[in-house]
1. How would B:S358, B:S565 line up by accessible area, probe 1.4 Å, largest first?
2. Looking only at other chains, what is the average number of their beta-carbon atoms within 10 angstrom of each beta-carbon in A:602-609?
3. Along Cα-to-Cβ, 7 Å out, sits the label point; list in nm, shortest first, how far the one on B:D360 is from those in the other copies.
4. What lysines sit close enough to B:K641 to cross-link, taking a C-alpha to C-alpha distance under 22 Å and skipping anything fewer than 8 places away on the same chain?
5. Find out how many positive minus negative residues lie around B:S631, taking Lys and Arg as positive, Asp and Glu as negative, among other residues whose Cβ is under 15 Å from that of B:S631.
6. Heavy-atom accessible surface, probe 1.4 Å, ligands and DNA/RNA ignored: which residues of the stretch B:229-262 lose at least 30 Å² versus the isolated chain?
7. In sequence order, what are the phi-derived ³J(HN,Hα) couplings for the stretch B:58-66 according to the Karplus relation 6.51 cos²θ - 1.76 cosθ + 1.60 with θ = phi - 60°, rounded to whole Hz, with x for glycine and proline?
8. Which lysines have a Cα lying under 26 Å from the Cα of B:K70, excluding residues fewer than 8 positions away in the same chain?
2 protein chains.
Amino acid sequence: MTAAPVVPRSTDHTALRPLGLGEVRLTDGWWARWQRDNRDATTPHALAWLERDGSVENLRRAGDGATGGKHRGFWFSDSDVYKTLEAIAWELGRAPSEGLSRSVAELTAVMGRAQQGDGYINSYVQGGHEKRWEDLTNGHELYCIGHLIQAGVADQRVTGGGELFEVAKRAADVVVRDFADHRRPDTDGHPEIEMALVELYRVTGDRAYLGLAQQLVDVRGHGVLEPHHFGSAYFQDATPVREETTVVGHAVRALYLLCGVVDVYLETGERALLDSAVRQWESLHATKMYLNGAVGSRFEGEAFGDEYELPPDLVYGETCATIGNVMLSWRLLLATGESRYADSIERSLFNLFAASTSVDRCGFFYNNPAQRRVKRPAAPTDGERPTRADAPGTRPPWFACACCPPNVMRTVASLGAYLATATGDGVQVHQYVPATVDAGPATLEVRTRYPLDATVELRVATVDSPEWTLALRVPRWCAGATVTVNGEAAEPLFRKGYLELRRSWRAGDTVVLTLPMPPRLTVAHPAADALRGTVAIERGPVVYCLESTDQEECVDLNHVELLVSRPLEEHLRTDLPGGETVTITATGLARDDSAWSAQGWATLGDEPSAEGREVTLTAVPYHLWANRGPSVMRVFVPARKL
Amino acid sequence: MTAAPVVPRSTDHTALRPLGLGEVRLTDGWWARWQRDNRDATTPHALAWLERDGSVENLRRAGDGATGGKHRGFWFSDSDVYKTLEAIAWELGRAPSEGLSRSVAELTAVMGRAQQGDGYINSYVQGGHEKRWEDLTNGHELYCIGHLIQAGVADQRVTGGGELFEVAKRAADVVVRDFADHRRPDTDGHPEIEMALVELYRVTGDRAYLGLAQQLVDVRGHGVLEPHHFGSAYFQDATPVREETTVVGHAVRALYLLCGVVDVYLETGERALLDSAVRQWESLHATKMYLNGAVGSRFEGEAFGDEYELPPDLVYGETCATIGNVMLSWRLLLATGESRYADSIERSLFNLFAASTSVDRCGFFYNNPAQRRVKRPAAPTDGERPTRADAPGTRPPWFACACCPPNVMRTVASLGAYLATATGDGVQVHQYVPATVDAGPATLEVRTRYPLDATVELRVATVDSPEWTLALRVPRWCAGATVTVNGEAAEPLFRKGYLELRRSWRAGDTVVLTLPMPPRLTVAHPAADALRGTVAIERGPVVYCLESTDQEECVDLNHVELLVSRPLEEHLRTDLPGGETVTITATGLARDDSAWSAQGWATLGDEPSAEGREVTLTAVPYHLWANRGPSVMRVFVPARKL
């Protein structure tokens, strides 16, 4: 059993085979440290908050048969418990832990007592606040059960299936009983159940789950839900999925739905589903995604905007939406083997995803701006739970709607599964993270300080099959990648974005991949109005930002320009939070806008002077921002050609 | 009795004396036609909708003593009835009407029956949905009563005070009874009652009303309200008004509060209040106001953004907020006599305010974008009531929250009061609209096609006092204003933004003011990130936009630039909705972005070519947009120096 989040049952429609957490183990470096902290710091933090915010108590009360009392938190708080359980299941897949197993057992016992005789479980409905399946549009009942199923599937893949899996399966069965064979015409307002049901089919082989997933994909888009305040497109119910051309509406819902769509494709091979998902992914990446991996421009409706609507300041950029893109891109990578999907995962992980969590891994951003004009107050560290509006200047410990933190946790815990894949005669390395990869034909040891520096060493530790192909992704940002085998230049094939080395491998063979990553300035598509006339600093996969914390005193980041013809310089620093970091300095202009005075507008040609003094601007990785107290920050800097 | 919305009782703290609707009468042209339509089309439309949407029915049920039934619409729907009544009162101030008087009497009878013995009135509370004064934070009880008082004051000023005034006064008295002398420590979440109480003081002379207004201004900002989801700054309860440096939070609330603050100043002369209002007004106008008069950048919280946060696409720009700025600027103009306040009123009226309403005057925008990238569906013309999210491509007839339409109505009905003022020895003309002005020292006839063309003729019809000063505002956008008297060049004094002509006037004297208004290109402050690299077309007070409706077929307004060194040309057109219109043509570039393909980003220096073909771009006044069906629209156009 492969212990990974997506394990297609059919092999007819996949280009690549996923590897599980037992096969890919992070050994060292930044991501391995995050995994350690995820287990040692974030997990107990989350378990404590789930008690404190009432999420567990809600389920306990349901188990007691209590009705009429006050449900604490949002009506879909059960899902936070389930996502945390899924994260812990993947942690157990990385290494056993008595404490974590006990937490799973305890929470599962609470859920087991809450679960009704026919398998139904939802603490809000059982608390008497709503009737079962009465408000699919807003009720999130299937969404919650979807997360329960994902937790159960993780448990099954890691342990072979304990009580958590049984609770999940019973819940799935009541959904099948009440919804399958079009016994209900509608579906849940928040997609999630679709991919969960496909996964449950994968571990059970029971086609009823797959069939229901297909049905729920099929009915959506035909106006089967009560139109939302924000319109039917808000939850992707305005256009059938096979006809949709771009991502619309609530970003997390749209991307979760597409995960289910690709999952159904991976099992059924229905090309129209893959085509729609690819089309929407392409539209997203060409016109609606930020450089830092943010998706979903609008606070209102937590939604995708129009094409090229990419405000850096007002962007919503929910952490869960970027995770949704990772989940979707991973499925498309498995389906097609094309590197652009792994590129997108890299962009997401090294930037927005990494920025979502504080370096102590116990603080989280729900929404992720690419520009902050003022120092907002720091997040309270104790009991309060700030919400997204006027989000604080640092990462809060938890949220009233706590969808993001456990979503981060389950992604970090299962990160190994996103690094590499196998085929019958090859191994593909998608992300460059220190790890051991046990992939059928061979075992590899990946050693690298990437992206601190540019080289990745892959050592063949053991070989099971003499001739096979090692495929190494060349990120799209990289020009001039080179590769050596045992110190000699290799001449690999370049296919689908990968350098392919095919040969008879021997234990001890060492491949060194070099991905030159000089700092560079990046501009946006000319139709991206909010970014016109600006540049962003990037180095390798890392997007940088200017944070007020690092600037000379006379620099106000709201009145600064970057002199684009001057050189960018790298500096390896050890004094920043989170360990070794490459910072970049540029030459800027601290613009003196005082001549504008009270004037907001001027006639072209009569503008007040906008000169200033030359300064050194210091850029840090975007993911580090707001780890040293509240700050003014910007990713996109006005460009001046001097 | 001066029939105008703001008539200070004290003359110690005013620079200018307002004139009433009996003294300033619009005679001709665009605004006079709107007044006619306001009376003949909008008013019956609004009265019908108030019946249809349940607002009147709510009050009728309260009169019947019905409780427990369903309240229709928002819990503050009473205010829509009151604002409509205020509008009708001002209409009656312009000219009597049996029909309109009957409507006032009928609605007042409904309110009179609803009103409780002690004067309290609120259909939502009386419907049993909430207890009296129980939720000041969100309940809008004082907000509604404030609008009732304003309607009553209008009635009193126009008719001398009928039953509407009596109902309003009784309602005010219960507020005084329960709140004055700090009998309650708190205030309403939505400011409005403050200015209403000052106005009631003005017509009654009863200082209890003024004292309570002062109290409610004083307590606010001390955290007296339950913190809102969006924070205490949302309703200006985070910082005391005398300490506040800029406009914060919900834009309408902030501006309504400041109206009350200036009103208290106008009666008490407390300088700290005026200083705060001026400080906040200046901050607003330098850093948070759009070229078209939009204020309040954010959908979330309907709020002001940070300084220079001026996205043209995502701007909220509520119609009521711009009306709030007109109301505030008018009070500051009365207080100071400085033309910048009249400039702001002009900017607001000729652009966003005019754009808020369809040319048939029965459709309304709630929020007002300065850029629309896609053609949204047209608003349904019948029963549905679209809300602001994903606002439709044309103006809906009404809203579930119908604050904007009657706010527009009352402003149009009382427009005469905003055109001119008087002093002991002078007349000041602030807005150039065809009208007769009867202002103490003389009667003037103002004739003009402004802003279709640049000249304003002012004929002295009758003279009561031989020597006095005629002051004519020179808008800030205007260079080279000239003035003649009886055909001869005059040499006026220029003071506070006005050309002052002091002489012994005789009946028949004719002044001609010429305000040259060649089309011009305007740029934003360099810190306005969302507008970097763009220009807007203006002519006189009118902001223009490019609307897809007028462009050559090959022009996609999302991929277009304006060649700024080419001439702009004016065209007088008679074929557009709303009558004669000056359009402006410019030379543009229809940019071919196809080389970018699926790419959203490029390394600086390696960008795909962005050439295209030269085209003629046609600009129409912004206020006309979306009157010819849904369109793509933009005010700010990327600039190219070719």
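1. Descending order: B:S565, B:S358.
2. Taking the mean over all residues of the peptide, I get 5.
3. 6.2
4. Cross-link targets: A:K641.
5. Result for the neighbourhood of B:S631: 0.
6. Residues of the stretch B:229-262 that lose at least 30 Å² of accessible area once the other chains are added: B:H229, B:F230.
7. Using θ = phi - 60°, the values come out as 4, 5, 4, 5, 4, x, 6, x, 6 Hz.
8. Once the sequence-local lysines are set aside, what remains near B:K70 is A:K70, A:K131, B:K83, B:K131.
The values are calculated or read from the model by the stated rules, or taken from the named source; none is laboratory data. Just so it is clear, the structure is predicted and the values come from calculations on it, not from any experiment. Quick reminder, even Gly has a Cβ in these numbers, built from the backbone with ideal geometry, and neighbours come from all protein chains shown. Protein only, heavy atoms only, side chains kept; ligands, DNA and RNA dropped before computing areas. Shrake-Rupley method; radii C 1.70, N 1.55, O 1.52, S 1.80 Å.
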